[in-house]
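J.: Here it is, the structure in full.
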Amino acid sequence: MNKYEYILFDADGTLYDFPTAEKNAIQETWSAHKIPINETTLSCFHKHNGFCWKQLEEGTIGYDVLPNKRFQLMFDELGYSHLDPPKFNDEYISNITKHTKLFPQSLEVLKTLQNRGYKLFIITNGIYTFQREPFYREETKEIFSQVFYSSKLNVCKPNKKFFDKVFKELGLDEISVDERKQKVIVIGDSLTSD
């Protein structure tokens, strides 16, 4: 008998190769707008993107602000005031979605776990409108029982309120924490955001 019944997977960096998707999205989006790809522009983007995601996880900004703010800060610092952050963000996200792929062994692992009777879920701080497409591609649409988006739950993981909402949705809110620990495991790539 399996020790756990429910496996909650983080998506980006755990099952999905987000670094490659991000690299390809940067290449396509920035090239289309004639932004050079070099240490200055990359470090500026990563600084502001990281800052905005940290603010989101702390609850000081919302999903309605994050996508555009990271590019507004970057454009302000680098002198690209002629670029429109919302339009640029839409192109960037479209490119990320297009390039989001599972890591090479992810599908095999997921199918093995599913065949062994585990209930598989995704928990993500990603933005629902941008991230849903990769999770429902042909290869995985029958694997995940449900996807929990922090943007739909209005709270980011690892906040306890995020997991309280997930456990309620799974019907596990009435059992003790010790019982949940026997039934549920979270698999992610970051102790600070999973």
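The values are calculated or read from the model by the stated rules, or taken from the named source; none is laboratory data. Here the structure is a predicted model, which is why all the values come from computation and not from measurement. Backbone-built Cβ (ideal geometry, glycine too); neighbour counts: all protein chains shown. Heads up: the accessible areas ignore ligands, DNA and RNA and are worked out on the full protein's heavy atoms, side chains in. Shrake-Rupley method; radii C 1.70, N 1.55, O 1.52, S 1.80 Å.
J.: How big is D for region 82-121, in µm² s⁻¹ as a whole number, if Stokes-Einstein is applied with the Kirkwood radius of its Cα pairs at 10 °C and 1.306 mPa s?
T.: 124
J.: Taking the convex hull of the alpha carbon atoms in region 144-188, what volume per residue do you get, in Å³? Please list the in-between numbers first.
T.: Values: hull volume 3.9 nm³, N = 45.
In region 144-188, the Cα convex hull volume per residue is 87 Å³.
J.: Here's a follow-up. Step by step: find N for region 1-42, compute 2.2 N^0.38 Å, then divide the Cα radius of gyration by it. What's the final number?
T.: Values: Rg = 17.3 Å, N = 42, 2.2 N^0.38 = 9.1 Å.
So region 1-42 has a normalised radius of gyration of 1.90.
J.: Still on this model: Out of Gly79, Gly62, Gly13, any idea which swings most in a Gaussian network model of the chain, alpha carbons joined below 10 Å?
T.: Of Gly79, Gly62, Gly13, the Gaussian network model singles out Gly79 as fluctuating most.
J.: Per Stokes-Einstein, at 37 °C and 0.692 mPa s, what whole-number D in µm² s⁻¹ belongs to region 93-187, with the Kirkwood radius over Cα pairs as the hydrodynamic radius?
T.: On the way: Rh = 14.6 Å.
In µm²/s, the coefficient is 225.
J.: Quick query: amide H of Tyr16 versus all other amide H atoms, modeled in the peptide plane; which residues come in under 5 Å with a sequence gap of 5 or more or a different chain?
T.: Under 5 Å from the amide H of Tyr16 lie the amide H atoms of Phe103, each far enough along the sequence or on another chain.
J.: Moving on to the next point. Let me have the relative contact order for the chain, percent, based on Cα pairs under 8 Å that are six or more residues apart.
T.: Here the relative contact order equals 35 percent.
J.: Send over the semi-axes of the chain's equivalent ellipsoid, whole angstrom and largest first, taken as the square roots of 5 times the C-alpha gyration tensor eigenvalues.
T.: The equivalent ellipsoid of the chain has semi-axes of 33, 19, 13 Å.
J.: A further question follows. What does the extension gain come out to for Lys87 and Arg132, with contour length at 0.36 nm per residue minus their alpha carbon separation?
T.: Contour length minus Cα-Cα distance gives 14.2 nm.
J.: Another question, if that's okay. How large is the accessible surface of Ile185 in square angstrom, using a 1.4 angstrom probe and rounding to the nearest 10?
T.: The accessible area comes out at roughly 50 Å².
J.: Can you give the FRET efficiency to the nearest 0.05 for Asp164 and Thr20, using r as the Cβ-Cβ distance and R₀ = 35 Å?
T.: 0.55
J.: Oh, and also: Label-point separation (nm) for Thr192 and Thr40, each offset 7 Å from Cα along Cα-to-Cβ?
T.: Computed distance between label sites Thr192 and Thr40 equals 2.7 nm.
J.: Let me ask something additional. For region 66-129 and region 138-190, compute the distance between their C-alpha centroids and round to whole Å.
T.: Between the Cα centres of region 66-129 and region 138-190 lies a distance of 19 Å.
J.: With each label point set 7 Å from Cα along the Cα-Cβ vector, what nm distance links Lys111 and Glu179?
T.: Calculated label separation equals 3.6 nm.
J.: I've got another one for you. Over 21 Å between C-alpha atoms is what I'm after, so list which of Lys47/Lys161; Lys111/Lys183; Lys54/Lys161; Lys157/Lys181; Lys98/Lys161 land there. List each step's numbers first, then the result.
T.: Details: Lys47/Lys161 27 Å; Lys111/Lys183 19 Å; Lys54/Lys161 17 Å; Lys157/Lys181 17 Å; Lys98/Lys161 31 Å.
Distance filter (> 21 Å) returns Lys47/Lys161; Lys98/Lys161.
J.: Choose one answer from Gly117, Gly171, Gly59: the residue with the largest mean-square fluctuation in a GNM of the chain with alpha-carbon springs under 10 Å.
T.: Gly171
J.: Can you list, bin by bin at 10 Å, the percent of alpha carbon pairs in region 1-104, starting at 0?
T.: P(r) for region 1-104, in whole percents per bin: 14, 41, 31, 9, 4, 1, 0.
J.: How much length would be gained if the chain were fully extended between Lys141 and Glu5, taking 0.36 nm per residue of separation minus their Cα-Cα distance, in nm to one decimal?
T.: Extending this stretch completely gives an extra 47.0 nm.
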